[in-house]
Amino acid sequence: MAYKAGVDRKQQMLFPETVDEYVSGDNPVRFIDAFVAKLDMSKLGFERAVPAREGTPGYDPRDLLKLFIYGYLNRMRSSRRLERETHRNVEVIWLVGRLRPDHKTIAEFRRKHVKALKQVSKEFVLLCRKLDLFSAQMVFVDGSKLRAVNSKDRNFTVPKLRVLLARIEANIEQYLAAVEAQDAQEKEQPGATDPGLQEKLKAFQERKQEYEGYLKHLQESGESQVSLTDADSRLMKSQGDMKVCFNAQIAVDAKHHLIVADDVTNEVNDERQLAPMAMAAKEALGVEALEVAADAGYHVGTQVVECEANGITPYAPKPKSSSKNQAAGLYTKEAFTYSAERDEYLCPAGQKLGLSTQTVVKGRKLSYYANWPACAGCPLRAQCTTSEQGRRIMRTPEEARLEAMADRLKERPELMLQRKSSVEHPFGTMKWTWDGYYFLMRGLNKVRGEFSLMTLAYNLRRVLSLLGVECLLEALRTGKMPVPQPI
Ligand code: SF4
């Protein structure tokens with residue numbers, strides 16, 4: 001039996017086929033094309049959005065934007081790879097009309113338009129909002145570390161510099177001794193010198209100067225670390241290891257798990273991200289009130305206060321206590337019950353701990369509660385404190401808000417499971433399925449633009465699978481949702 005035969009490559013076609021025939025009606029490139037065509041490129045901040053009257057014609061930013069959206073949607077982020085695709089990929093050939101910009105032009109476009117790319121991602125969120133794809137009631141916030149273009153060897157912290165300097169100084173001493181010994185030998189036996197010795201010594205001295213320069217910079221600037229390749233990147237804990245990264249944040253809506261807001265920061269933890277992310281999500285959703293849930297890394301009193309002041313109800317569990325008391329096997333703060341009515345704590349021995357002192361630290365009033373006379377004769381003292389005077393409990397100004405949040409969370413125990421299944425999926429897909437666990441660009445502003453392209457691709461892929469290309473095209477054409485029916 002014969003095989004199915006393809007077309008003879010050298011056969012002349014009677015009627016030339018069009019490129020359009022190679023792209024089916026439900027191909028996502030058709031939506032990319034229509035979506036970009038609808039964008040107001042000047043308003044979004046793209047250069048050359050209106051062609052120049054004179055000079056050599058440049059590339060239309062719409063074509064380059066389409067190329068990038070296609071690339072990020074199909075795990076092709078590098079400009080060289082995208083250039084190759086313009087030569088061989090029929091979808092790309094269709095999308096950009098056989099244009100073949102070189103990789104430098106492609107890379108330059110992304111580098112120049114980081115802010116505009118962020119706006120494009122917001123435009124897609126706006127479209128999703130029109131299509132009623134958001135619950136607009138609850139968002140889940142999470143963060144993940146994405147590797148920066150900076151190796152660990154080119155990142156220095158103060159402790160690391162001190163270790164390196166001590167090692168170099170020891171090496172310099174060794175080499176100085178060797179040079180001295182060599183000089184003495186030279187007198188007795190001319191010509192028996194190793195010329196490499198002086199060079200190695202010079203190299204160590206130069207490196208010492210370099211490290212001393214970094215240390216001086218850190219001490220003067222008050223910063224904790226310096227990165228040489230990407231100055232904005234920071235050494236952070238990622239998957240149990242220390243890596244030079246950026247901290248990417250997303251807010252995901254509860255309805256279809258679409259990303260409503262994204263950002264990138266170089267802060268090493270999530271402690272200051274809850275309120276900014278929740279407020280960005282609230283603005284993107286255009287609502288007056290919003291609920292936000294996040295993991296224990298976001299459980300910070302000042303963030304909770306800021307959320308509530310902006311019409312946002314936060315939910316974040318208290319982190320597992322890792323205090324010195326717990327490590328020493330003593331009662332943690334959870335064993336003490338606060339009474340707002342009487343403004344006192346009740347301790348495990350049933351004693352009342354009243355307000356004893358107050359101090360102001362960085363503008364926050366910290367209150368301390370104690371009952372040292374009771375501690376003096378307490379039978380539980382060995383399990384409670386090692387202090388000579390007795391135990392005291394600190395209360396921050398935001399403590400009441402945190403307690404109220406814990407009560408709210410107790411009433412909705414399902415929230416944390418929902419959070420996990422909603423917000424961890426986008427990072428899993430972007431980082432590990434699409435190999436987006438590292439940035440290609442350098443600098444905080446640029447990686448922000450790059451991350452927006454990733455979140456746009458994620459949202460686009462998700463909406464395409466929810467509604468299909470034809471439904472989305474129809475929505476773009478008419479400007480309204482053609483009765484969305486998730487499939
Ligand atoms: S040591 Fe003081 S605070 Fe601790 S249980 Fe005894 S009385 Fe209460």
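The values are calculated or read from the model by the stated rules, or taken from the named source; none is laboratory data. Fair warning: this is a prediction, and the values are worked out from it, not measured in the lab. Glycine also receives a Cβ, built like all others from the backbone with ideal geometry; neighbour counts cover every protein chain displayed.
Which one is nearest to residue 75 (Cα to Cα), of the residues in region 428-440 that are touching a residue at least 12 places away in the same chain (Cβ under 8 Å) and surrounded by fewer than 22 Cβ atoms within 10 Å (Cβ to Cβ)? Can you show your working first?
Residues of region 428-440 touching a residue at least 12 places away in the same chain (Cβ under 8 Å): 429-431, 434-440.
Next cut, surrounded by fewer than 22 Cβ atoms within 10 Å (Cβ to Cβ) only: 429, 431, 434-435, 437-438, 440.
Values: 429: 11, 431: 11, 434: 5, 435: 7, 437: 12, 438: 13, 440: 13 Å.
It comes out as 434.
How about region 419-459: which of its residues are touching a Ser or Thr at 6+ places or on another chain (Cβ under 8 Å) and in a helix (DSSP H, G or I)?
Kept after step one, since they are touching a Ser or Thr at 6+ places or on another chain (Cβ under 8 Å), are these residues of region 419-459: 426-427, 430-431, 440, 442, 444, 452-453, 455-456, 458-459.
Once the filter is applied, which keeps residues that are touching a Ser or Thr at 6+ places or on another chain (Cβ under 8 Å) and in a helix (DSSP H, G or I), region 419-459 yields 426, 427, 430, 431, 444, 452, 453, 455, 456, 458, 459.
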Task: Check on residue 360, under 20 Å from the mean Cα position of the chain (by Cα) and either part of a loop (DSSP other than H, G, I, E, B) or of a type in the set (A, V, I, L, M, F, W, C) (or both) - done: no
TODO: Tell me which residues, restricted to region 335-366, are touching a Leu at 6+ places or on another chain (Cβ under 9 Å) and either more than 16 Å from the ligand (Cβ to nearest atom) or touching a residue at least 40 places away in the same chain (Cβ under 8 Å) (or both).
DONE: 336, 338, 343, 345, 347, 353, 358, 359, 360
Open item on the list: Just checking, does region 210-229 include any residue being out of contact with any helix residue (DSSP H, G or I) (no Cβ under 7 Å at 6 or more places or on another chain) and over 21 Å from residue 165 (Cα atoms)?
Closed with: no
Task: Total residues in region 367-408, condition within 8 Å of the ligand (Cβ to nearest atom), assigned to a helix (DSSP H, G or I) and without any contact (Cβ under 8 Å) to a residue 40 or more places away in the chain - done: 4
TODO: Keeping to region 237-253, report how many residues are among the hydrophobic types (A, V, I, L, M, F, W, C) and surrounded by fewer than 21 Cβ atoms within 10 Å (Cβ to Cβ).
DONE: 1
Open item on the list: If a residue must be under 15 Å from residue 140 (Cβ atoms), of a type outside the set (Gly, Ala, Ser) and surrounded by fewer than 19 Cβ atoms within 10 Å (Cβ to Cβ), how many such residues does region 277-316 contain?
Closed with: 1
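Does residue 408 count as more than 17 Å from residue 300 (Cβ to Cβ), of a type outside the set (A, V, I, L, M) and surrounded by 12 or more Cβ atoms within 10 Å (Cβ to Cβ)?
Details: more than 17 Å from residue 300 (Cβ to Cβ): no; of a type outside the set (A, V, I, L, M): yes; surrounded by 12 or more Cβ atoms within 10 Å (Cβ to Cβ): yes.
When the stated conditions are applied, residue 408 does not pass them.
Per-residue answers, yes or no, for (1) at pLDDT 95 or above; (2) more than 16 Å from the ligand (Cβ to nearest atom); (3) part of a loop (DSSP other than H, G, I, E, B):
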{"site": "275", "(1), (2), (3)": "yes, yes, no"}
{"site": "283", "(1), (2), (3)": "yes, yes, no"}
{"site": "288", "(1), (2), (3)": "yes, yes, yes"}
{"site": "303", "(1), (2), (3)": "yes, yes, no"}
{"site": "307", "(1), (2), (3)": "yes, yes, no"}
{"site": "314", "(1), (2), (3)": "yes, yes, no"}
{"site": "322", "(1), (2), (3)": "no, yes, yes"}
{"site": "326", "(1), (2), (3)": "no, no, no"}
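Residues that are out of contact with any Phe, Trp or Tyr (no Cβ under 7 Å at 6 or more places or on another chain) and among the aliphatic types (A, V, I, L, M): list the strands (runs of 3 or more DSSP E) wholly contained in region 177-264 that include at least 1 such residues.
Values: elements: 225-227, 234-238, 241-253.
In region 177-264, the matching strands (runs of 3 or more DSSP E) lie at 234-238, 241-253.
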TODO: Determine whether region 238-249 contains at least one residue that is farther than 19 Å from residue 438 by Cβ, in the same structural domain as residue 145 (by TED's automatic domain parsing) and under 20 Å from the mean Cα position of the chain (by Cα).
DONE: no
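Collect the residues in region 356-386 that are of a type in the set (Ser, Thr, Tyr) and more than 18 Å from residue 325 (Cα to Cα), keeping them in residue-number order.
If we filter region 356-386 for residues that are of a type in the set (Ser, Thr, Tyr), which is where we start, we get 356-357, 359, 367-369, 385-386.
Result: 356, 357, 359, 367.
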TODO: Being surrounded by fewer than 21 Cβ atoms within 10 Å (Cβ to Cβ) and within 22 Å of the chain's Cα centre (by Cα) is the filter here, so list the residues in region 74-106 that pass it.
DONE: 74, 75, 76, 78
Open item on the list: Among the residues that make up region 138-159, is at least one of them farther than 30 Å from residue 297 by Cα and aliphatic (A, V, I, L, M)?
Closed with: no
Open item on the list: Given the criterion assigned by TED's automatic domain parsing to the domain that holds residue 73 and in contact with a His (Cβ under 7 Å, 6 or more places away or on another chain), identify the matching residue among 35, 46.
Closed with: 46
Task: Filtered residues of region 48-95 (kept if touching a Gly at 6+ places or on another chain (Cβ under 9 Å) and of a type in the set (Asp, Glu)) - done: 63, 85
Task: Qualifying residues in region 155-196 (those that are modelled with pLDDT of 80 or more and of a type in the set (D, E, K, R)) - the one surrounded by the most Cβ atoms within 10 Å (Cβ to Cβ) - done: 160
Task: Residue count, region 134-166 (criterion: without any contact (Cβ under 8 Å) to a residue 40 or more places away in the chain and within 30 Å of residue 78 (Cα to Cα)) - done: 1
